[in-house]
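Asks: One structure, pasted below without further comment.
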Amino acid sequence: MKTRIKHNSFTSALPLDFMGGRMASIFLLSVSVLFIFASLINPAFFQNVRTTAADVFAPVLKVVNAPFQGAADFIGGVSGLTNLRAENAKLRAENARLREWYQTALMLQAENQSLQALLNVKVEEPHKFITAKVVADSGNSFVNTVLVGVGTREGVKKNQAVLAGEGLIGRVIETGRTSARIMLLTDYNSRIPVLLEGSRQKAVLSGGNNDYPILKYIPHDSEVKVGTRLITSGDGGVFPSGLPVGRIESVDASKVIVQPFTDIHHVTNVRIVNNKIDPNLSAGSLDDF
């Protein structure tokens with residue numbers, strides 16, 4: 001007489017799998033709580049770990065992004081061939097006009113140098129830049145930062161201003177040997193002293209983790225108009241004066257919204273202003289405004 005053997009492998013394995021899943025959840029929860037307490041006791045520890053990890057993974061991210069960037073450049077080049085002839089004719093016309101303006105600029109430069117010599121004016125040295133490529137974007141609901149593939153080895157320092165496209169996008173907040181983290185001007189912690197061109201009125205550009213920063217600390221009697229350009233004032237010593245920032249987009253009773261000159265959420269290359277910075281200067285000086 002044959003007896004049938006029932007296979008209950010699934011039923012017998014179920015409690016073990018359940019216990020294993022539950023134990024894994026408890027373990028991960030315990031590790032998370034441990035990390036939270038450790039960050040409260042020593043916040044600098046995790047910052048150093050994050051900087052070290054960024055240094056390790058920055059070269060890897062460069063390699064991973066290279067094929068995608070190459071494909072994007074190739075597609076852009078092919079799609080632009082159809083407009084090449086019209087653009088070439090347009091550039092020739094602009095080149096002719098620029099030659100005329102070039103002669104005028106030379107005359108004005110000579111006159112300006114002569115006047116500066118008479119007035120004994122000390123001219124500031126032009127800015128020097130460190131060019132870098134964005135290798136990672138940490139933009140989310142709580143923080144707006146990007147990671148670039150240059151660091152202290154190339155001369156990058158904390159609090160250096162960062163430009164992209166036509167204007168300012170933020171400043172360096174962390175530096176490793178081969179990487180640096182940039183806080184964008186839309187970040188909640190970003191505070192940038194600015195001037196309103198024309199009226200020379202001072203204000204502070206404040207981020208809020210959204211697409212557009214707002215102006216704060218504007219006197220009530222100030223005349224604020226849509227379209228007014230904003231530049232850095234240089235107050236606080238973090239940002240050099242005269243860097244282009246943005247343009248006033250809208251004005252109402254509750255707030256003044258600013259449109260940055262650069263679409264900071266689609267930046268691929270940046271320029272870090274490599275000027276001398278006081279080593280005793282801290283980011284806390286921006287909070288005094």
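Asks: Residues that are at positive phi and either touching a strand residue (DSSP E or B) at 6+ places or on another chain (Cβ under 7 Å) or without any contact (Cβ under 8 Å) to a residue 12 or more places away in the chain (or both): which strands (runs of 3 or more DSSP E) entirely in the range 136-183 hold 1 or more of them?
Replies: Details: elements: 145-148, 161-164, 167-175.
Once the strands (runs of 3 or more DSSP E) in the range 136-183 are filtered for at least 1 residues that are at positive phi and either touching a strand residue (DSSP E or B) at 6+ places or on another chain (Cβ under 7 Å) or without any contact (Cβ under 8 Å) to a residue 12 or more places away in the chain (or both), what remains is 167-175.
Asks: Give me a count of the residues in the range 135-156 that are modelled with pLDDT of 90 or more and among the acidic types (Asp, Glu).
Replies: Residues meeting the conditions: 1.
Asks: When you scan the range 185-200, how many residues do you find that are under 15 Å from Val245 (Cβ atoms) and modelled with pLDDT of 90 or more?
Replies: Residues that pass the stated criteria total 10.
Asks: Just the residues that are of a type in the set (Asp, Glu), within 29 Å of Val156 (Cβ to Cβ) and surrounded by fewer than 15 Cβ atoms within 10 Å (Cβ to Cβ), please, taken from the range 182-225.
Replies: Asp211
Asks: Pull up the range 160-181, narrow it to residues that are in contact with a Gly (Cβ under 9 Å, 6 or more places away or on another chain) and more than 20 Å from Val258 (Cα to Cα), then point me to the one that is surrounded by the most Cβ atoms within 10 Å (Cβ to Cβ).
Replies: This residue is Ala180.
Asks: When you look at Tyr212, is it among the hydroxyl-bearing types (Ser, Thr, Tyr), assigned by TED's automatic domain parsing to the domain that holds Asp137, in contact with an Asp or Glu (Cβ under 7 Å, 6 or more places away or on another chain) and closer than 27 Å to Phe142 by Cα, yes or no?
Replies: Considered against the rule, which asks whether it is among the hydroxyl-bearing types (Ser, Thr, Tyr), assigned by TED's automatic domain parsing to the domain that holds Asp137, in contact with an Asp or Glu (Cβ under 7 Å, 6 or more places away or on another chain) and closer than 27 Å to Phe142 by Cα, Tyr212 comes out as yes.
Asks: For Ser199, are the conditions met, namely being in contact with a Pro (Cβ under 7 Å, 6 or more places away or on another chain), of a type in the set (Ser, Thr, Tyr) and closer than 15 Å to Val256 by Cβ?
Replies: In short, no.
Asks: Give the residues of the range 226-239 that are among the small types (Gly, Ala, Ser) and either over 15 Å from Ile257 (Cα atoms) or surrounded by 18 or more Cβ atoms within 10 Å (Cβ to Cβ) (or both), sorted by residue number. Walk me through how you get there before you give the answer.
Replies: Of all residues in the range 226-239, those among the small types (Gly, Ala, Ser) come to 227, 233-234, 236-237.
Scanning the range 226-239 gives Ser233, Gly234, Gly236, Gly237.
Asks: Something else now. Here are Ala53, Ala66, Ala72: which of them is surrounded by 10 or more Cβ atoms within 10 Å (Cβ to Cβ), modelled with pLDDT under 75 and more than 22 Å from Thr175 (Cβ to Cβ)? Steps first, please.
Replies: On the way: Ala53 fails: more than 22 Å from Thr175 (Cβ to Cβ); Ala66 fails: modelled with pLDDT under 75.
None of the other options fit; the residue is Ala72.
Asks: Only one of these conditions is not met by Ser179: (1) over 14 Å from the mean Cα position of the chain (by Cα); (2) of a type in the set (Gly, Ala, Ser); (3) over 17 Å from Lys255 (Cα atoms); (4) modelled with pLDDT of 90 or more. Which number is it?
Replies: It fails just one condition, (1).
The values are calculated or read from the model by the stated rules, or taken from the named source; none is laboratory data. Please read all numbers here as calculations on a predicted model, not as lab measurements. For neighbour counting, all protein chains shown are included, and Cβ atoms are generated from backbone atoms with ideal geometry for every residue, glycine included.
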